[in-house]
1. I'd like the full set of residues that are at pLDDT 85 or above, assigned to a strand (DSSP E or B) and over 12 Å from Leu153 (Cα atoms), limited to the stretch 213-226.
2. Name every residue in the stretch 69-123 that is β-branched (Val, Ile, Thr), within 30 Å of Ala157 (Cβ to Cβ) and modelled with pLDDT of 95 or more, in order of residue number.
3. Within the stretch 102-121, restricting attention to residues that are buried (at least 16 other Cβ atoms within 10 Å of the Cβ) and of a type in the set (A, V, I, L, M, F, W, C), which residue is farthest from the chain's Cα centre (by Cα)?
4. Can you tell me which residue in the stretch 122-165 is surrounded by the most Cβ atoms within 10 Å (Cβ to Cβ), limited to those that are acidic (Asp, Glu) and within 18 Å of Gly230 (Cβ to Cβ)?
5. Looking only at the stretch 206-224, which residues are surrounded by 16 or more Cβ atoms within 10 Å (Cβ to Cβ) and touching a helix residue (DSSP H, G or I) at 6+ places or on another chain (Cβ under 8 Å)?
6. Could you give every pair whose Cβ atoms fall below 7 Å, whose first residue belongs to the stretch 57-76 and is closer than 14 Å to Val122 by Cβ, and whose second residue is in a helix (DSSP H, G or I) and not charged (D, E, K, R), counting only separations of at least 6 or pairs across chains?
7. Identify the single condition in (1) among the hydrophobic types (A, V, I, L, M, F, W, C); (2) part of a loop (DSSP other than H, G, I, E, B); (3) under 30 Å from Asp94 (Cα atoms) that Val186 does not satisfy, given that it satisfies every other one.
Amino acid sequence: MFASLPGSTDRRWQGTGSSVLAMTSPLIDRYVAVWNEPEPAARRRVVTELWAEDGVQYTETAEHRGHDAVEARITGAHEQFVAPGAFVFAAAEDGVTHHDAVTFTTHMVPAAGGAPVWSGTVVLLLDRDGRIGRDYQFTGAAANTRAVVTDFLGRLADGDPDRIAALFADVVDWQLDWPEAGHPAVPWIRQRSTRADVADHFRELNAFHGERGGVAPRILVDGRDAVVLGDIRQTVKATGRAYAARCALHLTVDNGVITRYHVYEDSLTVAQAFTG
């Protein structure tokens, strides 16, 4: 299965080296397609055909060397983003080749359509057989931030505290516009500082609430920082009372995890829903 952005099948290639130039378009198509491939056997076959036996993929934080490691890397991304039906990977219309080098942009886009939630620049260095010897992926800070925040909101909707907490750093800069001592009616609204605290926060949130809802939040991104604007619509489990409260989150993403979680919400409305 291959997804492309509008116009991506009509690329205008540039560069020199006719043997490399002739294979650039199918190479990029197959490279992107393997990240969307649902069949493990087909995925393995494409990996062995595209990458050299000692080929290596580099990200900013990791190195994946050899067919087994590259396949594991692609499989992990597929299971996290593509298999659940949320996203697909797609190539942009910007492929360029220069001798044994190929570069292009790849996007992760919502499967239902919409703007990319992650974008990366790929640089491939090919060996004499035209297979990938070196594969470098560069991710812009803003694109990475949006991807992590979007993943966080998806996990938040699913409600699994441990999966939510897995997106946070070991130590978190957590801030609430709320008295440090908290409020007995809403014990989850208090200071936190660790990943374990984050899991406890969302576990307590689940324990006190039933049905949840709200409008789709807006995400504003500036480099490593993001602001999420929305409202909370939940039902008190003990009383069945519904309430709505406006909320804003200031998140900071470093190396793929959330390091800052500042909450600005109408906590008074929440407390009143539990105290009457």
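1. Leu220, Val221, Asp222, Asp225, Ala226
2. Once the filter is applied, which keeps residues that are β-branched (Val, Ile, Thr), within 30 Å of Ala157 (Cβ to Cβ) and modelled with pLDDT of 95 or more, the stretch 69-123 yields Ile74, Thr75, Val82, Val88.
3. This residue is Val102.
4. Asp151
5. Residues satisfying the conditions are Phe208, Pro217, Ile219, Val221, Arg224.
6. Partner pairs satisfying both residue conditions: Gln57/Val70; His64/Val70; Val70/Val47; Ile74/Val34; Ile74/Trp35; Ile74/Val47.
7. Only one criterion in (1) among the hydrophobic types (A, V, I, L, M, F, W, C); (2) part of a loop (DSSP other than H, G, I, E, B); (3) under 30 Å from Asp94 (Cα atoms) is unmet by Val186, namely (3).
A quick yes/no check of all residues on (1) over 30 Å from His99 (Cα atoms); (2) of a type outside the set (Ser, Thr, Tyr); (3) outside the structural domain of Val257 (by TED's automatic domain parsing):
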{"position": "Thr121", "(1), (2), (3)": "no, no, yes"}
{"position": "Leu125", "(1), (2), (3)": "no, yes, yes"}
{"position": "Gly133", "(1), (2), (3)": "no, yes, yes"}
{"position": "Thr150", "(1), (2), (3)": "yes, no, no"}
{"position": "Pro161", "(1), (2), (3)": "yes, yes, no"}
{"position": "Ala166", "(1), (2), (3)": "yes, yes, no"}
{"position": "Trp174", "(1), (2), (3)": "yes, yes, no"}
{"position": "Pro184", "(1), (2), (3)": "yes, yes, no"}
{"position": "Trp188", "(1), (2), (3)": "yes, yes, no"}
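The values are calculated or read from the model by the stated rules, or taken from the named source; none is laboratory data. The shown structure was predicted, so the numbers you read here are calculated from the model rather than taken from an experiment. Every residue, glycine as well, gets a Cβ built from its backbone with ideal geometry; the counts of neighbours run over all protein chains shown.
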